[in-house]
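Throughout, read-outs are computed from the coordinates displayed, never taken from laboratory work. Since this is a predicted model, take the numbers as computed values, not measurements. Cβ placement follows ideal geometry from the backbone for every residue including glycine, while neighbour counts extend to all protein chains displayed.
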Amino acid sequence: MKQIPYGRQNITDEDIQSVVKVLKSDLLTQGPKIAEFEKAFTEYIGVKYAVAVSNGTAALHLCALALGVKEGDKVITTPITFSATANCVRYAGGDVVFADIDPNTYLLDINEVEKLLAASPKGTYKGIIPVDFAGRAVDLEAFRKLADKYGCWIIEDTCHAPGGYFTDSKGIKHKCGSGDFAELAIFSFHPVKHIAIGEGGMITTNNEELYHKLRMLRTHGIQQRTELIKNNNSDPWYYELQELGFNYRLTDVLAALGISQLKRAKEGLKRRIEIAEKYNNIFKNKPYIKRHSGIISGHAYHLYVIESEKRKELYEYLRTKNIYAQVHYIPLHLMPYYSQYGWKLGDFPNAENYYKHCLSIPMFPTLTDVQQNYVINTINDFFTV
Ligand SMILES: *Cc1c(COP(=O)(O)O)cnc(C)c1O
């Protein structure tokens with residue numbers, strides 16, 4: 001069996017043709033494809049505005065800036081996420097405060113967040129960044145209530161969950177990134193994510209003011225919309241540097257690839273759920289899988305995580321069989337960069353316990369039945385020999 005990674009992109013001939021077309025056109029960056037990608041994305045997610053950027057990390061950075069994070073501002077997030085989720089707070093000078101995960105969902109535990117908020121005067125914490133980890137949607141209705149009570153904003157890091165959703169207390173479904181509850185949401189188009197374009201990201205929001213601010217910050221902080229110009233100047237070439245922004249633009253070339261990929265997003269998600277169902281059914285009765293879950297509605301299955309007492313041995317065994325499972329994630333509070341701020345082993349028992357056992361096994365739409373059977377049999381073999 002040739003190498004099977006935990007996740008991988010799927011680039012079709014149609015994708016390639018869409019890129020070639022742009023390469024032969026007049027505009028490689030800031031052409032018509034950016035706006036077209038943004039529009040298609042708003043339709044897929046069901047949100048008013050989308051701002052395409054150079055990657056998911058840039059998306060997080062711009063969100064922190066747009067919400068005004070500044071030196072000393074405290075922002076709460078989960079230790080079980082990719083580094084960028086927390087780093088964006090640091091980029092803007094703020095302080096990261098971690099809270100433990102719920103061991104049943106692996107998501108930021110709202111009760112732990114509430115404990116933090118309740119223990120300090122209102123205004124101590126400026127925002128919360130929940131993550132739809134592995135593709136499982138956070139209950140943002142509950143987080144919104146809490147955030148409103150304590151005057152916090154919410155950035156939903158939904159890199160793992162395009163097409164995912166949660167169901168609110170009235171039975172209404174809310175897609176990840178819909179902006180129904182969070183001020184801002186961010187996506188990544190890194191090759192292991194659902195929509196793969198190499199490097200790319202997207203911010204979604206229903207807030208018009210934040211939308212214009214993000215567009216400006218994406219292009220150096222330069223304002224070009226005449227109605228938003230501050231100085232009294234109507235020269236036809238006039239533009240205005242209003243804030244210190246960045247060049248975080250996506251190229252037209254990659255936007256074209258994004259449009260093409262987005263057309264297959266639904267189909268890819270369907271296949272991910274199918275793969276998850278099969279894993280669930282097979283592992284359901286296995287004593288060596290620590291935790292069993294049925295299909296969770298709204299889960300976008302970016303990752304399929306199993307937990308085992310013999311995680312390291314399994315990881316190594318799978319490598320010898322050409323299956324490249326991966327660990328997501330090493331808790332952020334234990335990283336030297338964050339431990340310098342005083343975080344240490346023992347701070348978050350649920351996150352640390354999860355990390356001891358977790359393993360993400362292959363999960364991507366082009367995983368064939370033959371490959372998935374091979375993965376399943378290899379895991380079963382490991383435990384039975
Ligand atoms: C991938 C990812 C990011 C960063 O996205 P990039 O496009 O790689 O910069 C941020 N948060 C989470 C949860 C991710 O999975």
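In debye to the nearest 20, how big a dipole does the chain give about its Cα centre with +1 on each Lys and Arg Cβ and -1 on each Asp and Glu Cβ?
700 debye
Calculated from DSSP H runs of 4 or more alone, at -39500 (n - 2.57) each and per residue, what is the 222 nm mean residue ellipticity of the chain, nearest 500?
After summing the helix terms and dividing by residue count, I get -11500 deg cm²/dmol.
Give me the percent relative contact order of segment 223-371, please, defined on Cα pairs under 8 angstrom at least 6 residues apart.
The value is 23 percent.
Using the structure shown, select from Lys2/Lys193; Lys145/Lys284; Lys21/Lys321; Lys24/Lys193; Lys149/Lys230 the pairs with a Cα to Cα distance greater than 29 angstrom.
Check vs 29 Å cut-off fails for Lys145/Lys284; Lys21/Lys321; Lys149/Lys230.
If the viscosity is 1.567 mPa s and the temperature 4 °C, what Stokes-Einstein diffusion coefficient in µm²/s follows for segment 265-384 when Rh is the Kirkwood radius over Cα pairs?
The calculation lands on 83 µm²/s.
Which residues' amide hydrogens lie under 5 Å from the amide hydrogen of Leu184, considering only partners 5 or more residues apart or on another chain, with H built in the peptide plane?
Under 5 Å from the amide H of Leu184 lie the amide H atoms of Ile154, Glu156, each far enough along the sequence or on another chain.
Take each of the peptides 117-127, 135-145, 54-64, average the number of other beta-carbon atoms within 10 Å over its residues, and list them starting from the highest. Walk me through the numbers before you get to the answer.
On the way: 117-127: 14.8, 135-145: 21.3, 54-64: 25.8.
Descending packing order for the listed peptides: 54-64, 135-145, 117-127.
Could you check which residue among Asn231, Asn280, Asn87 shows the biggest mean-square fluctuation in a GNM of the chain with a 10 Å Cα cutoff?
Asn231
Cα centroid distance between segment 243-259 and segment 126-199, in Å?
The two parts, judged by their Cα centres, are 22 Å apart.
Calculate the tail of P(r) for segment 1-51: the fraction of all Cα-Cα distances greater than 13 Å, expressed in %.
71 percent
What residues have an amide H closer than 5 Å to that of Gly221, excluding those fewer than 5 places away on the same chain, when H is modeled at 1.01 Å from N in the peptide plane?
Result for Gly221 returns Gly245, Phe246.
Please tell me the relative contact order of segment 1-153 in percent, rounded to the nearest whole number, where contacts are Cα pairs under 8 Å and at least six residues apart.
On the way: 160 pairs, mean separation 25.9, N = 153.
That works out to 17 percent.
Please give the net charge around Tyr315, taking every other residue with its beta carbon less than 13 angstrom from that of Tyr315, where Lys and Arg add +1 and Asp and Glu add -1.
Combined, the nearby Lys, Arg, Asp and Glu give +2.
Restricting everything to alpha-carbon atoms, can you work out Rg to Rh for the chain with a Kirkwood hydrodynamic radius?
Details: Rg = 21.5 Å, Rh = 21.8 Å.
Reported Rg/Rh, Kirkwood definition of Rh: 0.98.
Please give every one of the aspartates and glutamates within straight-line cross-link reach of Lys213, meaning a C-alpha to C-alpha distance under 14 Å, and leave out same-chain neighbours fewer than 8 residues apart.
Glu183, Glu227, Glu240, Glu243
Under 10 Å, Cα contacts only: if you run a Gaussian network model on the chain, which one of Val75, Val96, Val20 comes out with the highest mean-square fluctuation?
Of Val75, Val96, Val20, the most mobile in the Gaussian network model is Val20.
How much net charge surrounds Leu367 when only the other residues with a Cβ under 12 Å from the Cβ of Leu367 are counted, with Lys and Arg +1 and Asp and Glu -1?
Charge balance near Leu367 sits at +2.
Rounded to the nearest angstrom and ordered from largest down, what semi-axes does the equivalent ellipsoid of segment 149-228 get from its C-alpha gyration tensor (root of 5λ)?
Each semi-axis is √(5λ); the values are 25, 20, 10 Å.
Looking only at the chain, where both bridge partners belong to it, what percent of the DSSP beta bridges are antiparallel (to the nearest 5)?
Restricted to the chain, the bridges split so that about 60 percent are antiparallel.
Taking the Cα centre of segment 265-384 as origin and charging only Cβ (+1 Lys, Arg; -1 Asp, Glu), how large is the dipole, in debye to the nearest 20?
My answer is approximately 80 debye.
Please name which of Val253, Asn380, Gly163 has its Cα lying farthest along the dipole of the chain towards the positive end, using unit charges on Cβ (Lys, Arg +1; Asp, Glu -1) and the Cα centre as origin.
Most positive-ward Cα: Asn380.
Mind listing which chymotrypsin sites (Phe, Trp or Tyr not before Pro) in segment 174-252 are in a DSSP loop and have 13 or fewer other Cβ atoms within 10 Å?
Trp237, Tyr238
Have a look at Thr158, Thr226, Thr366 and tell me which one the Gaussian network model of the chain (Cα, springs below 10 Å) gives the largest fluctuation.
Among Thr158, Thr226, Thr366, the largest GNM mean-square fluctuation belongs to Thr226.
Take the alpha carbon atoms of segment 254-294, find their radius of gyration, then divide it by 2.2 N^0.38 Å using N residues; give the quotient.
This ratio for segment 254-294 stands at 1.73.
Can you pull out the GluC sites (Glu not before Pro) in segment 19-78 whose DSSP state is coil and whose Cβ has at most 15 other Cβ atoms within 10 Å?
Here the sparse-neighbourhood loop sites are Glu71.
Which GluC sites (Glu not before Pro) in segment 222-312 sit in a loop by DSSP (not H, G, I, E or B) and have at most 16 other Cβ atoms within 10 Å of their own Cβ?
Values: sites: Glu227, Glu240, Glu243, Glu267, Glu274, Glu277, Glu307, Glu309; in loops: Glu243, Glu309.
For GluC sites (Glu not before Pro) across segment 222-312 that sit outside H, G, I, E and B with at most 16 neighbouring Cβ atoms in 10 Å, the list reads Glu243, Glu309.
Taking the Cα centre of segment 241-293 as origin, sum charge times position over the Cβ atoms of Lys and Arg (+1) and Asp and Glu (-1), and report the length of that vector in debye to the nearest 20.
Details: 12 positive and 5 negative charges, 111 e Å.
Computed charge dipole of segment 241-293: roughly 540 debye.
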